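We did not get these values from a lab; they are worked out from the coordinates using the rules stated. Keep in mind that what you see is a predicted model, and the values were worked out from it rather than measured.
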Ligand code: NDP
Ligand code: OXD
C-alpha cells in the first residue's frame, strides 16, 4: 500500500523535517517534492504553507498533517482533498507559546519598555507598579495554548479570565463564551492575550470597535494587546489608530496581516509596539516529527488520529 511521506513547506527549510521523518520512518521514502515517479506512492502529506493545488493530484493520499497548531494555511487551499487533517498539539509547542505569553505579559506588567527607555536616557526613576493580583489578563481563545499560558499566569498571581466559543466546565478561571459575553469579557481585561485560530468567524476580530471595549481605567493605565494567534485576526490600521488615540497603551505582536511584515508598515517605527517575527512558538522538527510519525503508525494500525480539525468550524 502506498505510504510514502510528502513534506511540503514554504518559509521553512524542509531538510530538517526530511531528516527527522527519514530517521523515524526509515522503512519508507520521504519526499520534499512531487514528481511523476512518486505521485502514486505518497500516502501522507505533512504541511506548512504548502503550494495550493499540489495535493489534489495525489491519488493515494490518506491523511494530512499540519506542522503547526494552526490550520488556516491548509484550509485556504481551494483544491484541498476531503481527507482527515490533524494539527499539532504537543508539549514542546505549548511550552514555547507559554514562555512567549508570560514574557510579554511580565514585560508589559513590569514596564520593561519604560525602564529600557529610562536606561537609554540615564534616568533613575522608580515607576508605580501594581501587584499581579490587581491585574486581569483576558485570554481570547482558551484552548490548548491559551489555557496553559493561563494556568502559569494564574500561578504568578494574575487574575486570569478566558473567552472561547463553547462553555467550559472544569477550568479554574472564569470563562466567557461566544459573542453574547464578549463585551463583558473585554471590559474586565487589562491585558488582552489573543490565541484564537484564524477562521471565517475570527477574521479581523481585533478591530477598533473591539479594542474600544477593553477596560480603560485599570491598574496599568491603558490596556495592552498581545497577539500571537494569527495576523488575519487583527486590523493593523485599527491597532495603530487605537494606540494613537490612547485606547490601548501598547501592543506585543508576533503575527501580522502580511508576513514578513512589510518595510512600509507603520508598526515598525513605534516604540509602543513590540514586534517578533512569528516566532512565539516555533515548530521544532525533532519534537514534532515524532508526534506525526506516531500518528501515522496508529492510523496504519487501524487506530484513529488525534487532534483532528473540524472543517466546519475551521480549527
Ligand atoms: P485550540 O483549537 O486548542 O484553541 C482555540 C481556542 O479558540 C478555543 O478555546 C476555541 O473555543 C477558541 N475559539 C475558536 N473560534 C472562536 C470563536 N469564533 N469565538 C470564540 N472563541 C473561539 O488551538 P491552540 O490553542 O492549539 O492554538 C491557537 C492558535 O494559536 C492556532 O490556531 C494558531 O493560529 C496560533 N499559533 C501561533 C503560533 C505562533 O508562533 N505565533 C504557534 C502556535 C499556534 P472552544 O474551546 O470553544 O473550541
Ligand atoms: C502554528 C504557528 O500554527 O507556528 O503552529 O503559527
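Side notes on the structure shown:
- One Cα centroid belongs to segment 213-273, the other to segment 68-128; the line between them spans 13 Å.
- Sequence-separation-based contact order of the chain, relative, with Cα cut under 8 Å and 6+ spacing, percent: 16 percent
- Rounded tilt (10° steps) of 91-109 against the dominant C-alpha axis of the chain: 20 degrees
- Fraction of antiparallel bridges per DSSP, the chain only, in percent to nearest 5: 5 percent
- Normalised by 2.2 N^0.38 Å, where N is the number of residues, the C-alpha radius of gyration of segment 82-125 stands at 1.99.
- Segment 1-67-segment 283-300 distance, computed between alpha-carbon centres (Å): 13 Å
- Average Cα contact separation per residue, segment 99-191, under 8 Å, 6 or more apart, as relative contact order %: 26 percent
- Cα-Cα P(r), segment 197-265, percent of pairs per 5 Å interval: 4, 17, 28, 25, 16, 7, 3
- Residue separation of residue 171 and residue 119 scaled by 0.36 nm, minus their Cα-Cα distance, works out to 14.6 nm of gained length.
- Here the gap between residue 306 and residue 40, fully extended at 0.36 nm per residue and compared with their Cα-Cα distance, gives a gain of 93.2 nm.
- Derived value for the chain: Kirkwood hydrodynamic radius 21.0 Å. Basis is the mean of 1/r over every pair of different alpha-carbon atoms.
- For segment 227-315: span of alpha carbons on each principal axis (Å, largest first): 58, 30, 21
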